[in-house]
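Colleague: This structure is in structure tokens; I'll ask about it shortly.
The values are calculated or read from the model by the stated rules, or taken from the named source; none is laboratory data. Nothing here was measured: the structure is a model prediction, and the numbers come from that model. Don't worry about glycine lacking a Cβ; one is built from the backbone with ideal geometry, like all the others, and counts go over all protein chains shown.
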Amino acid sequence: MGPAPGLLDRRLLFFTGKGGVGKSTVTAAAALLAAQRGKRVLLVEVDAKGNLTALFEHPPVGFEPREIHPGVWAMQMDTEASLREYLRVQARVPVIGRIGPLARAFDFVANAAPGVKEILTVGKVVWELREALQGRAPWDLIVVDAAATGHVVSQLDAPRAIQELVQVGPIRDQTEWMVDLLADPALTALNVVTAPEEMPVNETIELVARARAELRVPLGTVIVNRVLPELFTRTDEEAFDALRAPEASAQLARITGPGSTAVLDAARLAVSLRRSRSPYLARLRDEVDLDLILVPYLFVRDHGLRVTRMVAEALGDEIG
Amino acid sequence: MPDPSFEALLAAREVVVFCGSGGVGKTSIAAASAVTAAARLGGKVLVLTIDPARRLADALGLEAVGNVATRVPLDDNVVPGGPPRGELHAAMLDTKRSWDELVLRHAPDEATAYRILDNRLYHNLTSRFVQSHDYIAMERLYELHARGEYDLIVVDTPPTRNAIDFLEAPARMSEFFGGRLLRWLTMPYRVSGGRGARMINVASRPFYNLADRVLGSQFLQDIAEFFLNFQSMYGGFVERARAVEALLHDRRTTFAVVTTLEGAPLREAESFCAELRARDFHLGALVLNKTLPDYLLSPDGDRVAARLSSESDDVAAALSSLGGALADQPRTARVLRTLGDSFRDYEVVARREAELRAELARLPDVVARVPTFDTDVSDVAGLARVGECLFGHEEPPPPVP
């Protein structure tokens, strides 16, 4: 067996992660990096928050993919639109305009019945992959900002869950090729974005175990976001400790004037923040046997395309 | 003018609901509030948490999952100025068990209750139905409050995609059970007793045709039968949901929004504050968590940092006379440069935080700020330290040497 495919070598990448770790930023950065390397990328936002395109300084988009940056097309998942497309294209049931009064009934069943919303989400994504594989869609890569860690297994497992619940009918037939494409390690990967903090690391470890046990979607890479820099090597830290001794810090204050205490305190804070997080990084390395990509904490003022570019660059450096 | 402090807010209320987006430290802030309230205000204080980090659960003695409240021992010196005045209790929400209890309570008879509990759709419905976690958390709060055992109940809210979901959960629950939609959907099965030919009226026929075609009729029938059973709980459920909603609107209840000073969580916190106001809930406090210390904004610090970054060799030379580890001038220079660069890195972030804080509009009366701690909170003493900051009894601590 050859080496596992790298992050961007597959055709369909899902990104999940706990809230607050920067899942959307990393997802956008992966799309940007692929586009910079000449790929045509479809970027799919699943949660209707509408702020993924803001990471490219672009207004929100709808269900129809729009090019929001050279090489990056974005679409916003909409389960009703997905159902309509499915009915029109595959079940060949003509639905003109909105589903209208049926929308509420659909919404109701979709919320209550297992996997209906999920299948329409994943189904649309896998449909685009199949179209691309058969040369009917232009995507070299599809990148999905998927559900958070708590929901992603049920989201990606939906085709199989539907297979179990619905014994016959067109839906069942549809799910078979979906399950096959989702399970193909040459095509698909589920990547986890995390941060070197307790809860995100716990959730990552739990998710990786759960995905292995319950999901046929292959796992890809763990991207550790916001890794604080190590300020000093061990020998440099001796000099830092010496500087903080009373006599030396008094001497430093005489040389530089007031403000040296704040600078020393800030370095002390930076060292301990980094140190308090390193056990979580170590735990990830010990307990998750997937490739880890570390993205440094960015000391910047703004968000938007500039940050997306910086994260893309950091990803690119790590992937090589 | 009432005392605009976090302490006064907690003293005046019986229920405090903490909310905010994921990753802002909501669970720790809720627990810290409860620890300090128990120690300083006295009485019986309960913290109801949803999904605490392992260490926090350990710190609160929440080994076993389950809806049982356990007493958390407080050391005599948990806060300065005397032994704790009250008791701390903690409980962790068990969603599945809470739903089961609710079904057993509201089903017309035991047979129906077990038909519901055994239905293969039940687990899915309770774990994934719109806002079911949110609803059950609020329902649990109501139950605990109604018992009247506690002087103050501090609640952590479940991580939701949309922070306002749980506010609407009770209303949606009663809408769901009282809804025409549910009656409409289950009608064919009620008319025919769930068996035999379905009597579908004209209005619902297109839906059934579509659903049959896509899902298969057996599946749809399973759903409808389940809802028929579930609907038997209508009366009890709706009454209960209304009572839960009334408690959230009650004068004895307040909400505290937790956020970090980062773009996305802060925007969400602001919209959440606006939603609370629009729905007439009492917005008591905004907690700015994990903020960087003010000394990062000091002009003197900035000036010294700039000098260390650019003139590290000269400063290192001037320090070398101290000897010891500082005799190695190139190394000292390297360290001084790092000191300057690192200060200016963190200064950028601290400045961004200050700008975001200045832009905050329409704040609640109480705005509490909790500094970033250089170690993780892992015990009751650590929680008390956070709580002291919340209560304004402790300045943000200097870095520990």
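Colleague: Pairs please, first residue from the range B:332-353 and under 13 Å from A:Ser260 (Cα atoms) and in contact (Cβ under 8 Å) with a residue 12 or more places away in the chain, second anywhere and assigned to a helix (DSSP H, G or I) and aromatic (Phe, Trp, Tyr), Cβ atoms under 9 Å, 6+ apart in sequence or on different chains.
Modeller: Here the result reads B:Leu339/A:Phe240, each pair linking the range B:332-353 to a residue that is assigned to a helix (DSSP H, G or I) and aromatic (Phe, Trp, Tyr).
Colleague: Take the residues of the range B:226-282 that are modelled with pLDDT under 85 and outside any helix (DSSP H, G or I): which is nearest to B:Arg352 (Cα to Cα)?
Modeller: Out of the qualifying residues, it is B:Met233.
Colleague: Any residue in the range A:124-136 that's over 16 Å from A:Leu13 (Cα atoms): show its pairings with residues that are assigned to a helix (DSSP H, G or I) and of a type in the set (S, T, N, Q) at Cβ separation under 6 Å, as long as the two are six or more apart or on different chains.
Modeller: Qualifying pairs under 6 Å: none.
Colleague: Could you say which residue among A:Gly97, A:Gly62, A:Gly50, A:Gly135 is at pLDDT below 95, more than 10 Å from every other protein chain (Cβ to nearest Cβ), under 30 Å from A:Ile319 (Cα atoms) and not in a helix (DSSP H, G or I)?
Modeller: Unique residue meeting the criteria: A:Gly50.
Colleague: For the range B:329-356, which residues satisfy the criterion of being farther than 22 Å from B:Asp300 by Cα and either at pLDDT below 95 or touching a strand residue (DSSP E or B) at 6+ places or on another chain (Cβ under 6 Å) (or both)? Outline the logic, then answer.
Modeller: So the first thing to find is which residues in the range B:329-356 are farther than 22 Å from B:Asp300 by Cα, and the list is B:329-331, B:356.
Matches in the range B:329-356: B:Leu356 only.
Colleague: Would you mind finding the one in B:Gly23, B:Gly81 that is modelled with pLDDT under 90 and loosely packed, with under 14 Cβ neighbours inside 10 Å?
Modeller: Going through B:Gly23, B:Gly81 in turn, just one is modelled with pLDDT under 90 and loosely packed, with under 14 Cβ neighbours inside 10 Å: B:Gly81.
Colleague: Go through the range A:245-263 and give me each residue that's part of a helix (DSSP H, G or I) and at the interface with chain B (Cβ under 7 Å from one of its Cβ atoms). Walk me through it before giving the result.
Modeller: Step one: filter the range A:245-263 for residues part of a helix (DSSP H, G or I), giving A:246-256, A:260-263.
Selection gives A:Glu247, A:Ala248, A:Gln251, A:Leu252, A:Ile255, A:Thr256, A:Ser260, A:Ala262, A:Val263.
Colleague: Counting only residues that are of a type outside the set (D, E, K, R) and at the interface with another protein chain (Cβ under 8 Å from one of its Cβ atoms), which one in the range A:230-244 is surrounded by the most Cβ atoms within 10 Å (Cβ to Cβ)?
Modeller: A:Ala239
Colleague: Specify which of the listed residues (B:Ala327, B:Ala274, B:Ala264) is surrounded by fewer than 18 Cβ atoms within 10 Å (Cβ to Cβ) and farther than 24 Å from A:Pro258 by Cα.
Modeller: Answer to the selection: B:Ala274.
Colleague: If you take just the helices (runs of 4 or more DSSP H) that sit entirely in the range B:285-401, which of them hold at least 3 residues that are at the interface with another protein chain (Cβ under 9 Å from one of its Cβ atoms)?
Modeller: Filter on the range B:285-401 gives B:299-310, B:312-319, B:329-359.
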